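S.K.: What follows is a single structure, and I will ask about it in a moment.
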Amino acid sequence: MASASTDSAPTTTAARLTLPVVLAGVVLVAMSISGTAVALPSIGNDLDASGSPLNWVVAGYNLAFVAMTLVAGATADRVGRRRVFVGAAGVFAVGFLATALSPSIVVADVARIVSGVGAAGAMAAGGALLASAYDGPARHRAFALMGTMAGIGIAIGPTLSGVLITATGWRGGFVVFAIIGLLVAVGGTRLHESRSPGGSADWLGSALFVFALSILMYAVLAAPELGWANSRIVVALVIGLLALVVFAIAQRRTRAPVLDPALVTNRQFMAWCLATVTTSIGFLGVLVFLPTYLQAATGLSPAVAGLAMLLLTAPVMVMPMIAVSLVNQGTSARVLILVALAFVVGGKLSLIALRPDHTVAVVAVPLLLIGIGMGASFGLTDGQAMSLVPPDTVGAAAGFLNTLRGAAEAMVIAGFSASLLGFLTSELDGDSSRAADVSSGRLSDQAAVELDALTRSWQLTQVSITILCLLLSFVVAVLIASRSTDADVPAGR
């Protein structure tokens, strides 16, 4: 057990509870991220909502999660990791309860933003609690289990959410999540507290970061609908980037920055951060958009299409523990992450062969490759990254890592959607309305032509994302081969 940055020696009970309580929070947050979309049709019918207001039930949660994760992690270091974890789990529960009781879509959207803030705190503080409670091989196993539970939550979230909605209605499903969140908060009160010695909160930096990332995330999430050239999107991007520059300058001039510049200049830490960003980019677009193609191209039912996606998600459930076991037995973590990245890039490249005939057979191997790469990344990146930072900044480091991961996920969804729509519009002679219908799997009486256009658009989108993943993998390989810029920080294996 790590002894740095703790108030007192942890009790045996608190030590035993740390892992199960944090993992319960992780799987709950992961399920809420992947499962909420299943409830959208029911929410829309009940609250008479559609389009952008309804989509913000998901988008608002994601935006708040990404914007608040870094701030939550840095706050946890200063005011107490257990305190932030407990408070965040409580906020998560309150947000879900408020969503369940929402009389209108506006109230539901606000409640979802509240839930996203709570989810950010639970993930960042949860990672910090594990980093401060475990060391060496035990830490690697703890973070591998964290990755496993995140993978399980993402994989089973839609299925369990569908079961809950069928059994209790969408409001009842949100109440169940609220109750579990409250139980996680109660369990968190039994954990050992840890915090960094001294220091004060960087309120200006926190406000600048939340403002900048919120504006940028709004632009990314709204751009597929409004268009990247829309004046609102352009203004939001400019303001967000300027605010981010001001934030970076402010961080170098404050004594207690919310994001320590040393983290960003630590090349090996950034290598692990970029590695998880790369695997997330390769994984998430396929997870979100391939089921629609499978249903449109082959006539699979939603249930069967979801079953086929187990080829992608099942490896994420088992690979984290396999990867960390190999590391603890002496295999180089650096070599393993490069192999994982090669699997993801290879899987993405293989998806270019996607076609309507025998679709599941064609995508089986690519999906397995991407799932194995993503699962191995889940088992390696967090633990290795946390081993490269001082004990008093593990909260900020966990927050930064999850911020990058969440931002990459939101951007790849928006970018994939925009790319697919753009290629489809071009393939369908500039008919953007028809392209939107086809991308959603709604084919007209010219199904053969539309399916060919959808297939070509999918292939072109895969080429674009594969090139991006390949470039990022090259950067990771260069960074991970270099020595850390901080001589006092231990190097990863």
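S.K.: Charges on Cβ only, +1 for Lys and Arg, -1 for Asp and Glu, centred on the Cα centroid of the chain; of A342, A49, A72, which one is farthest towards the dipole's positive end?
M.R.: A72
S.K.: Now for a different question. If you line up the Cα atoms of the chain on their principal axes, what length do they span on each, largest first, in Å?
M.R.: Projected onto the principal axes, the Cα atoms of the chain cover 70, 51, 43 Å.
S.K.: How big is the Cα convex hull of segment 83-215 in projection, averaged over all directions, in nm²? Before the final figure, lay out each step's value.
M.R.: Values: hull surface 40.3 nm².
That works out to 10.1 nm², a quarter of the Cα hull's surface.
S.K.: If H140, H358 are ordered by their accessible area, calculated over protein heavy atoms with a 1.4 Å probe, which sequence runs from highest to lowest?
M.R.: Working: H140 25, H358 140 Å².
In descending accessible area the options line up as H358, H140.
S.K.: Add -39500 (n - 2.57) for each DSSP H run of 4 or more in the chain, then divide by its residues: what number comes out at 222 nm, to the nearest 500 deg cm²/dmol?
M.R.: Taking each H run of at least 4 residues, the total per residue is -28000 deg cm²/dmol.
S.K.: Give, in nm to one decimal, the length gained when the segment between L471 and R83 is fully stretched (0.36 nm per residue of separation minus the Cα-Cα distance).
M.R.: 135.7 nm
S.K.: From Cα coordinates alone, what are the radius of gyration and Dmax values for segment 88-155 in angstrom?
M.R.: Computed over the Cα atoms of segment 88-155, radius of gyration and Dmax are 15.3, 50 Å.
S.K.: Ranked highest first by the average count of other Cβ atoms within 10 Å around their residues, in what order do 74-83, 105-114 fall?
M.R.: My ranking of the peptides, most packed first, is 74-83, 105-114.
S.K.: While we're on this one: Quick check: residue separation of L241 and S426 times 0.36 nm, minus the Cα distance between them. What number comes out in nm? All intermediate terms of the calculation are to be shown ahead of the outcome.
M.R.: Values: separation 185, 0.36 × 185 = 66.60 nm, distance 3.03 nm.
Working it through step by step, the gained length comes to 63.6 nm.
S.K.: I've got another one for you. Between D452 and A361, what is 0.36 nm times their sequence separation minus the Cα-Cα distance? Round to one decimal in nm.
M.R.: Full extension of this stretch gives 30.9 nm more.
S.K.: With every protein chain left in place and a probe of 1.4 Å, what is the accessible surface of S104, to the nearest 10 Å²?
M.R.: The accessible area of S104 comes to roughly 40 Å².
S.K.: Angle between the Cα long axis of helix 105-133 and the longest principal axis of the chain, 0 to 90 degrees, nearest 10?
M.R.: The helix 105-133 is inclined about 40 degrees to the chain.
S.K.: Do you know the relative contact order of the chain, to the nearest whole percent, from alpha carbon pairs under 8 angstrom that are 6+ apart? Show your work: numbers first, answer last.
M.R.: Values: 887 pairs, mean separation 111.4, N = 493.
Reported as a whole number, the value is 23 percent.
S.K.: Let me ask you something else. Pop the C-beta distance of S482 and L310 into the FRET formula with R0 = 51 Å and round what comes out to the nearest 0.05.
M.R.: Working: r = 38 Å, r/R0 = 0.75.
Step by step, r from the Cβ atoms, then E = 0.85.
S.K.: Another question about this same structure. Please give, to one decimal in nm, the separation of the simple spin-label points placed at A167 and V318, each 7 Å out from Cα toward the Cβ.
M.R.: That separation, rounded to one decimal, is 2.7 nm.
S.K.: Which of the trypsin sites (Lys or Arg not before Pro) found in segment 397-467 are in a DSSP loop and have at most 16 neighbouring Cβ atoms, other than their own, within 10 Å? Could you put the intermediate results ahead of the total?
M.R.: On the way: sites: R405, R434, R442, R456; in loops: R442.
Sites meeting the loop and neighbour criteria: R442.
S.K.: Still on this model: Output the direction-averaged projected area (hull surface divided by four) of the convex hull of the alpha-carbon atoms of segment 327-407, in nm².
M.R.: Mean projected area of the Cα convex hull: 6.7 nm².
S.K.: Let me ask you something else. Magnitude of the Cβ-charge dipole of the chain, K/R +1 and D/E -1, about the Cα centre, nearest 20 debye?
M.R.: About 1240 debye.
The values are calculated or read from the model by the stated rules, or taken from the named source; none is laboratory data. Everything numeric in this text was worked out from a predicted model, so none of it was measured. No Cβ is skipped: glycine too gets one built from the backbone with ideal geometry, and neighbour counts run over all protein chains shown. For accessibility, only protein heavy atoms count, side chains too; no ligands or nucleic acids. Shrake-Rupley method; radii C 1.70, N 1.55, O 1.52, S 1.80 Å.
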